[in-house]
Amino acid sequence: MSTDTFAMTKVVGTSKTSIEEAINGALKSASKTIRNMDWFHVTETRGYIENGQVAYYQVCIEIGFKYEEKPS
């Protein structure tokens with residue numbers, strides 16, 4: 001019987017435009033080195049202020065991914 005094992009990693013995405021773009025940027029960057037990504041969970045949303053306005057958004061996410069099984 002096979003069981004699946006998952007792991008999670010934390011990533012912070014940034015964007016000058018939107019929170020959604022920050023999330024998508026984080027996922028796109030993470031996908032370059034992490035395979036089998038299954039879900040994400042937003043753990044923190046914050047922003048950087050410059051001259052009294054939002055300069056950019058920062059979104060902390062945890063990405064869940066499935067471990068690959070080695071061939072027998």
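The lysines within cross-link reach of K70, meaning a Cα-to-Cα straight distance under 24 Å and a gap of 8 or more places when in the same chain, are K32. Around the Cα centre of the range 6-66, unit charges on the Cβ atoms of Lys, Arg, Asp and Glu (plus for the first two, minus for the last two) sum to a dipole of about 260 debye.
For a distance above 20 Å, tell me the whole-number percent of Cα pairs in the chain that qualify. Every Cα pair in the chain considered, those over 20 Å come to 39 percent. Helix 19-30 and the long axis of the chain differ in direction by around 40°, with both axes built from C-alpha atoms. Taking every C-alpha pair closer than 8 Å and separated by at least 6 residues, the mean separation divided by the residue count of the chain gives a relative contact order of 43 percent. Using a Gaussian network model of the chain in which every pair of alpha carbons under 10 angstrom is joined by a spring, one finds that among V11, V42, V59 the greatest mean-square fluctuation is at V42. Longest span of the chain, sites excluded, free of trypsin sites (Lys or Arg not before Pro) in DSSP loop with at most 13 other C-beta atoms within 10 Å? Counting only loop sites that pass the neighbour cut-off, the longest clear stretch is 36-72.
Computed from the coordinates by the stated procedures, all read-outs in this text should not be read as laboratory data. Everything quoted here is computed from the prediction, not taken from an experiment. When we count neighbours, we look across all protein chains shown, and the Cβ atoms used for this are built from the backbone with ideal geometry, even at glycine.
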